[in-house]
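Written below as structure tokens is the structure these notes are about.
The values are calculated or read from the model by the stated rules, or taken from the named source; none is laboratory data. As the structure is a computational prediction, the values presented were derived from the model and not from experiment. Cβ coordinates were reconstructed from backbone atoms using ideal geometry, including for glycine residues, and neighbour counts include every protein chain displayed.
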Amino acid sequence: MTNFLKQNRPLIIGSLAAVAAMAWALSQYEPKVAASILLSGLTLGALYFLVTSGLSLIFGLMDVLNFAHGLLFMVGAYMGYTLYANPRILLNTLPLLLALAGGAILARRAAPMLPKIPGGQAARWGLWALAVALLLLGSWGFDLAPLASTGISAGGDVPTAEAQEALGLFVGRLLALAASGIAGGLALALGQPFAGRSRGPRGLVLGAGLLALALLIAPARTLGEGAILGLSSNLRFLIALVVGAGSGAALGGLIEWSLIRPLYSRPIYQVLVTLGLVLVGTELVKGVWGPTGYYMDTPDFFSQRGEACPSPNLVAWLGDHCASIDVLGRPFPSYRIFIIALGLIMFAAIAVLLRRSRLGMIIRAGVQDAEMVQALGINVRRVFTMVFALGAGLAALGGVAAAPFIGVNPGIGQEFQLQAFIAVVIGGMGSYGGAAAGALLVGLARAFGDQIVLSGIQLPFMAEAVKFSPSIARASTVLIMALVLLIRPTGLFGKKD
Amino acid sequence: MLLSVESIQTFIGQFHILEGISLEVPSGSITALLGRNGAGKTTTLRSIIGLNPPRTGRVLFDGQEIQGRPAYEIAALGIGYVPEHRAIFRDLSVEENLRIAERRKGDLAGKIDFIYELFPDLKRLAKHPGGKLSGGQQQMLAIARALVPDNRLLLVDEPSEGLAPIVVEQIVASLRRLSDQITVLLVEQNFHMAAQLADRYYIVDDGHTAHSGKMADLAGDQALITRYLGAA
């Protein structure tokens, strides 16, 4: 016990100081104001946590600083919003992507069973060229703008019948992209003669399944759009959470597999590649959805209004689903309570995954010594891809959850990226508990900062409160980071070595 | 021959570490790999398991070429690796350190009694984090971890390093007990320990296999020992 006190003196002093500072700050405000600041801080903290946890897991396991994590947050927000408000663009692009991926997986897994393709290197380049040519052919003249247009953004809604292409043309595109995927998959298989051995038929089934799914969706696009928009907003929101998180995870896995994996021995290049991805990704998002943002409606579950509102407490809210809940005499949006709950649930779920599952055990071991895990007969590269996808999925889930709260625009990724990095550094690189603590601290600091900007600080013997510019809320987190690093260079929970 | 290494050359970065190592490990024996610090013994083991793949030469395990394949595939063929400095997972409990080595569900359940009988300390410490064990206990855990799946060959790197003589005796006793079930390629600086255990030896010098023979003959050849291993 005394040993523990000695070793963690800075940590203990630091947390006592933080608690004291918070108690002092809270005593400056009425209880209802203080409570709503705390809750706002928790809301932000929960969102930061969803970004930070993945960032920290990825850094801990593979030493990759993923600057594109904010991009995945943004992609989640856009995908979730799109499914929720305008699924037409999803239904018209998803089958194309499925066909491409299905073709590639099918070809890569089937390649070892086919007779050997003669020509070696030349054949490989030929196949790549064919894949690119088919890709260009398949996407020639494909116009996303009308599909992405909604009544708010593009100066008037384009009806679905006009926006989407005729079935024949669309299926033609599908087939071209599937063929492109097959050519690309064969080229990949030629480049890696050992990959794809002894995997069994799972890859084949997956590839064929994706292709079949693409062909099934194609004729049902309009029907599907109606069906999704006809669902209740709550159900749609739930699906949006799943689709947003899932597409973030898929994109994350793809990024790791294609761009990060070749660069594990070159960390500087990883930073450059992920930074480059942010620029490319942000412009692509602007290209598809336009440079301005969208506002996403809060689902009905969190937006009832009426006589009884705001709900007097959480239990009553479960019955009336008011847009806000009364907290010590001040209304607080109920959707933000949902964000807090989501953060807590994901924190617990990941903690259980890390502590109780075999994957979690491998991750904890790999954080320390990935090479030894490999030497035990475990395919660490595959675990890397899975963890990258998991972290990306968490960030994207945060993006969907944030959409009704702060809206969807091409800038949110970078804002969250920066704050999440600060939170990770505060909490200690590679520590899961640290990531949560850092996110919480940054969230609370932002909330306090916002309040201080609003009301200023009343110092004794001064007639007027000292006013601050809005930048102080952002600066406060950097100040905390500097302070933490001065006392504890590895962050609050960072490992000593 | 369970393992044959045929003139492998291995580079780490731009350094040419192994300049032609050849050795054979017959089934059911303990073969010692001796040599001075920096001679290339550890790199030889890492080349076999695939952590530092050799650039040229062949490695045959049970007649099958394994060089160039990823380490996890090589290990899964039935090779257990007990590395230098043990590489125990500090944040995992002793039991988890064993469970992570399972290749099939139930591997550990079938072996746990044997492992705990071999190393009674580990049973007592099952719930302790690996980082809290003493050096000797960590060494036992590292060996035990390699016993969990059905391995046919153990690559054991410097098991006596930094351990008190009495603990070394325990490790020697456990390896000797294992030797009738499993083949061992042992890297060892402690000549006394190697002499007690091994049937055959190879001496590695400056990235080459310089000498080999029966351990019993080497123990009597003071000139050879002094030449390649320094004072014994």
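Within region B:32-46, being under 18 Å from residue B:210 (Cα atoms) and not in a strand (DSSP E or B) holds for B:35, B:36, B:37, B:38, B:39, B:40, B:41, B:42, B:43, B:44, B:45. Of all residues in region B:63-83 being at the interface with chain A (Cβ under 8 Å from one of its Cβ atoms) and either assigned to a loop (DSSP other than H, G, I, E, B) or modelled with pLDDT under 90 (or both), which is nearest to residue A:383 (Cα to Cα)? Restricting to residues being at the interface with chain A (Cβ under 8 Å from one of its Cβ atoms) and either assigned to a loop (DSSP other than H, G, I, E, B) or modelled with pLDDT under 90 (or both), the top hit is B:70. Does residue B:88 fit the bill of being within 14 Å of chain A (Cβ to nearest Cβ), assigned to a loop (DSSP other than H, G, I, E, B) and either without any contact (Cβ under 8 Å) to a residue 24 or more places away in the chain or touching a helix residue (DSSP H, G or I) at 6+ places or on another chain (Cβ under 7 Å) (or both)? Spelling it out, residue B:88 is indeed within 14 Å of chain A (Cβ to nearest Cβ), assigned to a loop (DSSP other than H, G, I, E, B) and either without any contact (Cβ under 8 Å) to a residue 24 or more places away in the chain or touching a helix residue (DSSP H, G or I) at 6+ places or on another chain (Cβ under 7 Å) (or both). Report the residue count in region B:176-208 for those that are in a strand (DSSP E or B), farther than 19 Å from residue B:119 by Cα and of a type in the set (A, V, I, L, M). Qualifying residue count for the region: 5. Screening region A:180-239 for residues that are among the hydroxyl-bearing types (Ser, Thr, Tyr) and outside any helix (DSSP H, G or I) and picking the one that is modelled with the highest pLDDT gives A:232.
Per-residue answers, yes or no, for (1) aromatic (Phe, Trp, Tyr); (2) free of Cβ contacts under 8 Å to residues at least 40 places away in the same chain; (3) within 14 Å of another protein chain (Cβ to nearest Cβ); (4) not in a helix (DSSP H, G or I):
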{"residue": "A:345", "(1), (2), (3), (4)": "no, yes, no, no"}
{"residue": "A:350", "(1), (2), (3), (4)": "no, no, no, no"}
{"residue": "A:359", "(1), (2), (3), (4)": "no, yes, yes, no"}
{"residue": "A:373", "(1), (2), (3), (4)": "no, yes, yes, no"}
{"residue": "A:377", "(1), (2), (3), (4)": "no, yes, yes, yes"}
{"residue": "A:381", "(1), (2), (3), (4)": "no, no, yes, no"}
{"residue": "A:398", "(1), (2), (3), (4)": "no, no, no, no"}
{"residue": "A:404", "(1), (2), (3), (4)": "no, no, no, no"}
{"residue": "A:413", "(1), (2), (3), (4)": "no, no, no, no"}
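Matching residues to (1) within 14 Å of another protein chain (Cβ to nearest Cβ); (2) surrounded by 24 or more Cβ atoms within 10 Å (Cβ to Cβ):
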{"position": "A:410", "(1), (2)": "no, no"}
{"position": "A:427", "(1), (2)": "no, yes"}
{"position": "A:430", "(1), (2)": "yes, no"}
{"position": "A:471", "(1), (2)": "no, no"}
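Is one or more of the residues making up region A:41-58 modelled with pLDDT of 90 or more, touching a strand residue (DSSP E or B) at 6+ places or on another chain (Cβ under 7 Å), surrounded by 20 or more Cβ atoms within 10 Å (Cβ to Cβ) and not basic (Lys, Arg)? The answer is no, given that none of the residues of region A:41-58 is modelled with pLDDT of 90 or more, touching a strand residue (DSSP E or B) at 6+ places or on another chain (Cβ under 7 Å), surrounded by 20 or more Cβ atoms within 10 Å (Cβ to Cβ) and not basic (Lys, Arg). Scanning region A:102-140 for residues that are among the basic types (Lys, Arg), assigned to a helix (DSSP H, G or I) and surrounded by fewer than 18 Cβ atoms within 10 Å (Cβ to Cβ) turns up just one, A:124. For region A:277-323, a residue qualifies if it is without any contact (Cβ under 8 Å) to a residue 40 or more places away in the chain and in a loop (DSSP other than H, G, I, E, B), and the qualifying residues are A:303, A:305, A:306, A:307, A:308, A:309, A:310, A:312, A:313, A:321, A:323.
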